[in-house]
Amino acid sequence: MTSDRVCAWCRDPMPVTLRADAVCCSVRCRQARHRFTRGVGRAGAVADGQPLRLAYADPPYPGKSRRYYADHPDYAGEVEHQALIESLTQFDGWALSTSAAALPEVLASCPPGVRVGAWVRGERPARSAGPLNAWEPVIYCGGRAYPSRVDARRVDALVHFSRPRRSDPLRVVGAKPARFCRWIFDLLGAMPGDEFVDVFPGSGGVMRAWEVYASSSADSDA
Ligand SMILES: C[S@@+](CC[C@H](N)C(=O)[O-])C[C@H]1O[C@@H](n2cnc3c(N)ncnc32)[C@H](O)[C@@H]1O
Ligand SMILES: [Zn+2]
């Protein structure tokens, strides 16, 4: 039998036999949720001054939308990157994931002043006449400026090898790991109190990470 409460990780109904204070339906979900929360970590401080409007866009790689996402409910053909980038520039800060192969073409549509960060995620099994691709660029712009601290460094590259989140029933090709989400928050100087928009939610993992991050600070144990 199940109750009308849902698991905080897989979102399935919770068995009624579980303790009233349980938030996950199984040990597997509890551990997956714990790993994810730990991967995001806690925010260093709460934003002072004006909250920012920030956005992250993780569209299909240019030219690959149909190949990977044709059977997804949100599939709408190729993403028009020029229009997407124009919409991102309405935010105080934004980040856009793309492929190393498409980077020159996508950068050509970007305004002056953007920066490129590198996520070294490890190579994918692929047939390739050239070197295997092992990284993914993130173009970013704006956000909150503040100096790195010894205990909270902001770095424009992330080395993090990840595996698919098999315990997540909503996972999609290209779903981003918790540690990556945290890196994006840091690149943009995001703080709890800011507004964060995930333009291509896919698994919903980025907003799940934002909820963890935005509900935490160095002063709380959330
Ligand atoms: C790289 S995935 C996003 C992954 C997400 N960041 C995550 O961590 O789960 C790209 C998403 O865009 C969706 N998509 C594909 N074509 C689209 C289109 N033309 N417009 C909007 N979304 C599209 C796909 O179904 C997929 O969910
Ligand atoms: Zn569950």
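A few comments on the model shown:
- Restricted to region 123-222, the set of strands (runs of 3 or more DSSP E) holding at least 2 residues that are without any contact (Cβ under 8 Å) to a residue 40 or more places away in the chain comprises 135-142.
- Screening LEU52 against (1) away from ligand 1 (no atom under 13 Å from the Cβ); (2) surrounded by fewer than 14 Cβ atoms within 10 Å (Cβ to Cβ) leaves a single unmet condition, (2).
- The selection criterion, being farther than 22 Å from ASP198 by Cβ and more than 16 Å from ligand 2 (Cβ to nearest atom), does not hold for ASP12.
- Qualifying residue in region 32-43 (condition: of a type outside the set (Asp, Glu), within 16 Å of ligand 2 (Cβ to nearest atom), part of a helix (DSSP H, G or I) and free of Cβ contacts under 8 Å to residues at least 12 places away in the same chain): yes
- Count of region 100-143 residues, restricted to those that are closer than 24 Å to ARG154 by Cβ and small (Gly, Ala, Ser), is 8.
- Residue within region 103-122 that is under 20 Å from TRP210 (Cα atoms) and hydrophobic (A, V, I, L, M, F, W, C) present: yes
- Filter pass, TYR68 being assigned to a loop (DSSP other than H, G, I, E, B) and among the aromatic types (Phe, Trp, Tyr): no
- The lone exception for TYR68 - which of (1) more than 7 Å from ligand 1 (Cβ to nearest atom); (2) within 23 Å of ALA157 (Cα to Cα); (3) touching a Phe, Trp or Tyr at 6+ places or on another chain (Cβ under 9 Å) it fails: (2)
We did not get these values from a lab; they are worked out from the coordinates using the rules stated. The structure displayed is predicted, hence computed values, not measured ones. All Cβ positions, glycine included, derive from the backbone under ideal geometry; neighbour counts span all protein chains shown.
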